[in-house]
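Right, one structure below, let's go through it.
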Amino acid sequence: MAKEKVLRFLLGDQLSRGLSSLDGAARDRDVIFMAEVSAEATSVKHHKKKIAFLFSAMRHFAEDLRGEGFTVDYLRLDDEDNPGDFGGALAQAVDRHKPDRVVMTEPSELRVLEAAENWREELAVEFDILTDHRFLASHEEFVSWATTDSGEQPKSLRMEYFYREMRRRTGYLMTDGEPEGGQWNFDADNRKSLPDSITVPVRPKFEPDQITRDVMDLVADRFETHFGDLEPFDYPVTRKDAEAYLDWFVGEALAGFGDWQDAMKQGEPLLFHSHLSSLINCGLLDPRECCERGEKAYRDGAAPLNAVEGFIRQIIGWREFVRGVYWLKMPDYASANALDARRPLPEFFWSGETVMNCLGQAIAETKANAYAHHIQRLMVIGNFCLLAGIDPRQVQEWFLVVYADAYEWVEMPNVVGMALFADGGFVASKPYAASGSYINKMSDYCSSCRYDVKQKAGENACPFNYLYWNFLSENEESLRNNHRMGLIMGSLGKMKPGRLDEIRTDSLRFFDSDEMQGWQDQAAG
Ligand code: FAD
Ligand code: DLZ
Ligand code: SF4
């Protein structure tokens, strides 16, 4: 029997040599197909740096495959006959190569999976969509873990129990069936504020080569109106550089990851965070290798347990958990709005022009780097959106646009479930709502702010302070029965007469202020 010719279609977040769709690829007859298409870059108007990162990583990956002797058909965005979307590009490739079969690994987002199922129907060729084995928990395993004994979907899921299951399953940081150090979770040790004397490790920078510079020119030309700075560009974009960067992180920053995980510092966007998410999510690094490198550092005495446990928890716990939640709850999850939040996203999210220093810093860093660390995303930007009651659809779109690591499967549960409580508590046991004192404790932002974090009321008071109580009051009915909110809802109930009016007056004045100008324009329009 003649050997079949397979067209292997690879997406931009599938840049992994061990990918299922590359299994058994034949150098002498198969074709690997990759495509830059404008529909993906503009499905939302992704950050310029994110597009440059992904296109450059795709082009380098294609070169690496060619270097291994594979035939790669790579469609560039500016190729003359580029049809502009995956479906058209794939149909052309099938026409060009006349394969016996097309294979691809399942897309990470529902939107693209549904499209792929249509291509399978429409193209007159055998078409396989394979499991993505890069995730540690399969869809079936997650559903089985999440389903109750009576076969129903529960009202809420808690990451911590899923994480313990994943620890048992992977064996990471386990000794004789028990968690290393006698505890599953060392999060309580990971909330220290940063001492002034701290020395932050200096990141290696990866100079753009010719491939990256070509891509940067293309992005500057085609996506000029998109949010974000293209330069300077220093992301790793090859497997080799990604590995070197992981080495650097494990050797230089991982040891401080635990203690300072929740801290924020003006002018220090990364502190001890790994900046690995964009590399893991596009496939240049495998989540397992990151965990294994982390565990080795612990076993070798190079990093403490609270740091390594925290790092591994983020990857085999949170990362896998949010992916499971996404596939379990889609498509309804996209429109979840349990707190009926309807205010539009203020314009300063795009311009960065706000006198609230914490938000100004986090948004400026996002614009420059296509990155902000978890606490900036959750407790500054997300917290503000929660307290101000901003429409979850608009918040989702912003988060999907601005971060180099953002794909719907990971962005959406983090925004809808974790930051906005818009799923009514499916993911989080209580809203991550905080007043200015939390931001003041965990950062040095407040000392350079025009607002006074110590003041609770009036024009100079930190807006997070009165918006916090305004949020509790606006959502009293939804939050009243949340047992983890009992104490704080009790305080709300016991507020002195007139204090709640003062909070409402301050909040309304803030919503009406110049600060929120774009919001007013949008609301009026
Ligand atoms: P580190 O702090 O060094 O953590 C190590 C790794 O753990 C990360 O690289 C990442 O792979 C994983 N991780 C940590 N926290 C999470 C989490 N909550 N969910 C999934 N993986 C996690 N992460 C994304 O990858 N893409 C997103 O679009 C995204 N959107 C977010 C939106 C909001 C509102 C919030 C609160 C969080 C979001 N996160 C997202 C999760 C987290 O903030 C980022 O993964 C993290 O900041 C990436 O930086 P890092 O690589 O330095 O992470
Ligand atoms: C994010 C993105 C962008 C901007 N452009 C492309 C592209 O041109 N070609 C491609 O294969 N992938 C791109 N991606 C990543 C895809 O959006 C991502 O692979 C899917 O959304 C996964 O479902
Ligand atoms: Fe942010 Fe309030 Fe601190 Fe200003 S005072 S930086 S608005 S928390």
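The values are calculated or read from the model by the stated rules, or taken from the named source; none is laboratory data. Here the structure is a predicted model, which is why all the values come from computation and not from measurement. For neighbour counting, all protein chains shown are included, and Cβ atoms are generated from backbone atoms with ideal geometry for every residue, glycine included. Protein only, heavy atoms only, side chains kept; ligands, DNA and RNA dropped before computing areas. Shrake-Rupley method; radii C 1.70, N 1.55, O 1.52, S 1.80 Å.
Just a few scattered comments:
- Just one residue in the set Gly67, Gly18 is open to solvent by 20 Å² or more (accessible area, probe 1.4 Å) and free of Cβ contacts under 8 Å to residues at least 24 places away in the same chain; that residue is Gly67.
- The set of residues in region 89-116 that are over 29 Å from Ala2 (Cβ atoms) and touching a residue at least 12 places away in the same chain (Cβ under 8 Å) comprises Pro107, Ser108, Glu109, Leu110, Arg111, Val112, Leu113, Ala115.
- Whether a residue is open to solvent by less than 20 Å² (accessible area, probe 1.4 Å), touching a residue at least 60 places away in the same chain (Cβ under 8 Å) and more than 27 Å from the chain's Cα centre (by Cα) was assessed, and Val72 does not pass this test.
- Among the numbered conditions (1) touching a residue at least 60 places away in the same chain (Cβ under 8 Å); (2) among the aliphatic types (A, V, I, L, M); (3) in contact with a Leu (Cβ under 9 Å, 6 or more places away or on another chain), the only one that Ile439 does not meet is (3).
- Single condition Met485 does not satisfy, out of (1) within 16 Å of ligand 3 (Cβ to nearest atom); (2) touching a Pro at 6+ places or on another chain (Cβ under 9 Å): (1)
- The one condition from (1) open to solvent by 10 Å² or more (accessible area, probe 1.4 Å); (2) in contact with a Pro (Cβ under 7 Å, 6 or more places away or on another chain) that Ala422 does not meet is (1).
- Selection count where residues are of a type in the set (Val, Ile, Thr), in contact (Cβ under 8 Å) with a residue 24 or more places away in the chain and closer than 14 Å to His47 by Cα, scope region 348-376: 1
- Residue in region 262-279 that is in a loop (DSSP other than H, G, I, E, B), over 30 Å from Trp350 (Cβ atoms) and in contact (Cβ under 8 Å) with a residue 24 or more places away in the chain present: no
- Filter pass, Lys45 being charged (D, E, K, R), more than 16 Å from ligand 3 (Cβ to nearest atom), open to solvent by less than 10 Å² (accessible area, probe 1.4 Å) and not assigned by TED's automatic domain parsing to the domain that holds Tyr403: no
- Within region 337-387, considering residues that are among the aromatic types (Phe, Trp, Tyr) and away from ligand 2 (no atom under 16 Å from the Cβ), the one surrounded by the fewest Cβ atoms within 10 Å (Cβ to Cβ): Trp350
- Number of positions in region 437-470 that are within 16 Å of ligand 1 (Cβ to nearest atom) and assigned to a helix (DSSP H, G or I): 3
- Test: residue in region 128-135 that is over 30 Å from Val427 (Cβ atoms), away from ligand 2 (no atom under 12 Å from the Cβ), in contact with a strand residue (DSSP E or B) (Cβ under 9 Å, 6 or more places away or on another chain) and open to solvent by 50 Å² or more (accessible area, probe 1.4 Å): no
- Only one of the numbered conditions (1) out of contact with any strand residue (DSSP E or B) (no Cβ under 8 Å at 6 or more places or on another chain); (2) closer than 23 Å to Met216 by Cα is violated by Asp95, and that is (2).
- Look at region 409-424: where a residue is assigned by TED's automatic domain parsing to the domain that holds Phe384 and acidic (Asp, Glu) and a partner is open to solvent by less than 10 Å² (accessible area, probe 1.4 Å) and not in a helix (DSSP H, G or I), sitting 6+ places away or on another chain with Cβ atoms under 8 Å, you get Glu411/Tyr403.
- Scanning region 481-498 for residues that are charged (D, E, K, R) and in contact with a Lys or Arg (Cβ under 9 Å, 6 or more places away or on another chain) yields a single hit, Arg484.
- Any hit, region 454-464, residues being open to solvent by less than 30 Å² (accessible area, probe 1.4 Å), touching a residue at least 24 places away in the same chain (Cβ under 8 Å), over 19 Å from Leu157 (Cα atoms) and in contact with a Gly (Cβ under 7 Å, 6 or more places away or on another chain): yes
- Candidate set: region 136-158, residues that are of a type in the set (Ser, Thr, Tyr) and outside any helix (DSSP H, G or I); chosen: the one most open to solvent (accessible area, probe 1.4 Å): Ser150
- Residue match in region 58-77 (condition: among the polar types (S, T, N, Q) and within 16 Å of ligand 1 (Cβ to nearest atom)): no
- Only listed residue being in the same structural domain as His373 (by TED's automatic domain parsing) and out of contact with any Lys or Arg (no Cβ under 9 Å at 6 or more places or on another chain), chosen from Ser478, Ser443, Ser473: Ser478
- The single condition among (1) within 27 Å of the chain's Cα centre (by Cα); (2) among the charged types (D, E, K, R); (3) open to solvent by less than 60 Å² (accessible area, probe 1.4 Å) that Asp506 does not satisfy is (1).
- In region 37-54, the qualifying residues are those that are away from ligand 1 (no atom under 16 Å from the Cβ) and out of contact with any Gly (no Cβ under 8 Å at 6 or more places or on another chain), and the one that is nearest to Leu279 (Cα to Cα) is Ala52.
- Of the helices (runs of 4 or more DSSP H) lying entirely inside region 159-261, those carrying at least 2 residues that are open to solvent by 30 Å² or more (accessible area, probe 1.4 Å) are 159-170, 210-222, 239-252.
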